Amino acid sequence: MESVMGDSKEVIWKRRGGGPKTNAKRWTDQDNNPCVSEANASYECLHETNFDRKLCQTYFVNYQNCQKFWLNIQRERRKLGIKPSLPPAEERDRIIQERQ
């Protein structure tokens, strides 16, 4: 591996097949993670409360509920043979309205 310095960029590590192997885009992309807003809210709470987890429990529970909801949707869609198992962002609002 070699590092390269850009004009105003941070050090970038070159690897075979592109940049570093990471799941960061997967978890911060609304298409791949329907609970991005809940995750961001919990992170913000942690930063605002100096990482006092007790004060952020509501945000954590909300994020966990979101994950469970979409995991159940994925299971149902897999069982019915619907692809992709995670619905596109455009369909999610409709699914949420149907489930309420």
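The values are calculated or read from the model by the stated rules, or taken from the named source; none is laboratory data. All of these numbers come straight from a predicted model, not from anything done at the bench. Note: ideal-geometry Cβ built from the backbone for every residue, glycine included; neighbour counts use all protein chains shown. For accessibility, only protein heavy atoms count, side chains too; no ligands or nucleic acids. Shrake-Rupley method; radii C 1.70, N 1.55, O 1.52, S 1.80 Å.
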Over the range 58-73, the set of residues over 18 Å from residue 100 (Cβ atoms) and more than 15 Å from the chain's Cα centre (by Cα) is 58, 61
Looking only at residues in the range 45-68 that are open to solvent by 60 Å² or more (accessible area, probe 1.4 Å) and either among the hydroxyl-bearing types (Ser, Thr, Tyr) or in contact (Cβ under 8 Å) with a residue 12 or more places away in the chain (or both), which one is farthest from residue 28 (Cα to Cα)?
-> 58
Hey, residue 73 of a type in the set (Val, Ile, Thr), at pLDDT below 95, open to solvent by less than 70 Å² (accessible area, probe 1.4 Å) and outside any loop (DSSP other than H, G, I, E, B) or not = no
So residue 51 clears everything in (1) among the aromatic types (Phe, Trp, Tyr); (2) at pLDDT below 95; (3) assigned to a loop (DSSP other than H, G, I, E, B) except one condition, right? Which one?
-> (2)
